[in-house]
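Participant: I have a structure here, written as structure tokens, and I will follow up with some questions on it.
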Amino acid sequence: MPTRSLMRKMPEGEIVISQRAVSSRHFLKLIEDTGKVGFWSADLESEMIEASPGLYRILGLDPDEDISFSIIMDMIHPEDRAAHGDQISVLRAGQSVCREFRVIRPDRTQRWLLHQADAIIGPTGRASQGIGVIFDVTAQHDAINSLMQRHDRLNALITATASVFWINKANGEPSEMPQWMALTGQSYGEMQGLGWLDAVHPDDRARTFAAWTTAVEHTAPYNTEYRVQCADGIYRWFNARGAPVLNRDGSVREWVGVCLNVPGRNRYGAPVPETGGSGTVTPDLPVSDGVLTPGQVRAARGLTNLSKDELAARANVSVSTINRLEDPGSSVRPRADTILAVRCALERAGVEFTFEPGRKPGIREV
């Protein structure tokens, strides 16, 4: 190994660096060549600094120029000077320094520096010498600022478009849903498990539960609409959308999503019918000739030679939705807009649905 050539054993068995092979100057040069670190030592009385080439590079100064503490302190950003302009005094008091601040270099560029220094106590008991190392940490700050900027943009977008932003655990159970709690008036304990469904309109619960469990079981995006009983006791329509956040191995880390307020309208823009005296809502399909039956869907899919997967993809719905549409015994009826999307997909594939008086609903080729 290359490092073995730099080592030799002393008679007592101790291992030391071979002075003939390398010196500490070689190590310092290797470190400083990264462009991210520089060293200094100084007489604290004279304030004059002996700086390494790396420090000159970080500060953007001419290597032939003498450096003093005052020169470096004058380079500190005006907004940071009040908090970090006392570093000489701190070292003279015999204390260590560990500070992070900005400097403005002679070329007017700004850099973030991490300064660590120690005072060396002289024979008189006073701090007479100082040594330190300065790291250029601009890249780390730029990365943090970029991340914070994206975070702020996301928050602004969510605030402008969504009533609720939610985070659920990997198994689908609620995790962080403070806006849901504010919207519905539910407590943290009340919404745990499937408790959040208690705030969903009774007529929408089975369908909402089926859509959510299907998404969780298949690690698929979630998109459905339901009415929520808000804290003021009024039911309002919301479009809930979510997606899984995956780990590197493909497992689900968590779920994130939003609830978008759609007052007075469903997802496709058709007016939501008024609630009758019984409190139930009959979906109003924007078609006048009837609602698709399970037999019609099965027959139309057979006539167009579409598989369930192909039809689901064309209608932008889940395969489980197609299964429910074709199952006459299903207790969960898809939303009106979902049925409409499936119908339009089948009609584009070349069939026409018939609803003739006195006859059963049927289909025919276009």
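So that you can scan it fast, the table gives a plain yes or no per residue for (1) in a helix (DSSP H, G or I); (2) modelled with pLDDT of 85 or more; (3) in contact with a Gly (Cβ under 8 Å, 6 or more places away or on another chain):
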{"residue": "SER278", "(1), (2), (3)": "no, no, no"}
{"residue": "ASP309", "(1), (2), (3)": "yes, yes, no"}
{"residue": "ALA312", "(1), (2), (3)": "yes, yes, no"}
{"residue": "GLY329", "(1), (2), (3)": "no, no, no"}
{"residue": "CYS344", "(1), (2), (3)": "yes, yes, no"}
{"residue": "PHE353", "(1), (2), (3)": "no, yes, yes"}
{"residue": "PRO357", "(1), (2), (3)": "no, no, no"}
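Participant: Continuing with this model, one more query. Is it the case, given these coordinates, that THR184 is modelled with pLDDT of 90 or more, among the hydroxyl-bearing types (Ser, Thr, Tyr) and touching a Leu at 6+ places or on another chain (Cβ under 9 Å)?
Facilitator: no
Participant: Right, here's the next one. Out of all the residues in segment 22-44, is one or more modelled with pLDDT of 70 or more, part of a strand (DSSP E or B), within 19 Å of GLN116 (Cα to Cα) and aromatic (Phe, Trp, Tyr)?
Facilitator: Yes, there is a match, as at least one residue in segment 22-44 is modelled with pLDDT of 70 or more, part of a strand (DSSP E or B), within 19 Å of GLN116 (Cα to Cα) and aromatic (Phe, Trp, Tyr).
Participant: While we're here: Please list, ordered by first then second residue, the pairs with beta carbon atoms under 8 Å, 6 or more apart or interchain, first in segment 304-327 and closer than 11 Å to ALA345 by Cα, second of a type in the set (Gly, Ala, Ser) and not in a helix (DSSP H, G or I).
Facilitator: If the second residue must be of a type in the set (Gly, Ala, Ser) and not in a helix (DSSP H, G or I), the pairs left are THR304/ALA349; THR304/GLY350; LEU306/ALA349; ALA312/SER318; ARG314/ALA349.
Participant: Still on this structure, I have one more. Select from segment 46-67 the residues that are surrounded by 12 or more Cβ atoms within 10 Å (Cβ to Cβ), of a type outside the set (A, V, I, L, M) and over 45 Å from the mean Cα position of the chain (by Cα) and write down the one among them that is nearest to ARG92 (Cα to Cα).
Facilitator: Among those residues, the one meeting the criterion is GLU47.
Participant: For segment 254-262, check the following and say yes or no: at least one residue is among the small types (Gly, Ala, Ser), at pLDDT 90 or above and not in a strand (DSSP E or B).
Facilitator: Scanning segment 254-262, I find no residue that is among the small types (Gly, Ala, Ser), at pLDDT 90 or above and not in a strand (DSSP E or B), so the answer is no.
Participant: Of ARG111, ARG105, ARG99, which residue is under 21 Å from GLU32 (Cβ atoms), loosely packed, with under 14 Cβ neighbours inside 10 Å and in contact with a strand residue (DSSP E or B) (Cβ under 8 Å, 6 or more places away or on another chain)?
Facilitator: Within the list ARG111, ARG105, ARG99, the selection yields ARG105.
Participant: For segment 291-307, which positions are part of a loop (DSSP other than H, G, I, E, B), buried (at least 17 other Cβ atoms within 10 Å of the Cβ) and not β-branched (Val, Ile, Thr)?
Facilitator: The answer is LEU292, LEU306.
Participant: With respect to ALA240, determine if the residue is in a loop (DSSP other than H, G, I, E, B) and modelled with pLDDT under 95.
Facilitator: no
Participant: Between residues in segment 69-98 that are in the same structural domain as PHE135 (by TED's automatic domain parsing) and residues that are of a type in the set (Ser, Thr, Tyr), which pairs lie under 9 Å by C-beta distance while being six or more apart or on different chains?
Facilitator: Short answer, once both residue conditions are applied: ILE88/SER70; VAL90/SER96.
Participant: Another question about this same structure. Which of (1) in contact with a Phe, Trp or Tyr (Cβ under 8 Å, 6 or more places away or on another chain); (2) within 30 Å of TRP112 (Cα to Cα) does VAL164 not meet, given it meets every other one?
Facilitator: Checking VAL164 against (1) in contact with a Phe, Trp or Tyr (Cβ under 8 Å, 6 or more places away or on another chain); (2) within 30 Å of TRP112 (Cα to Cα), the one that fails is (2).
Participant: Report yes if some residue within segment 184-202 is of a type in the set (Asp, Glu) and under 25 Å from THR321 (Cβ atoms); otherwise report no.
Facilitator: yes
The values are calculated or read from the model by the stated rules, or taken from the named source; none is laboratory data. Since the model is a prediction, treat every value here as computed from it, not as a measurement. Ideal geometry is used to build each Cβ from the backbone, glycine not excepted, and the neighbour counts take in all protein chains shown.
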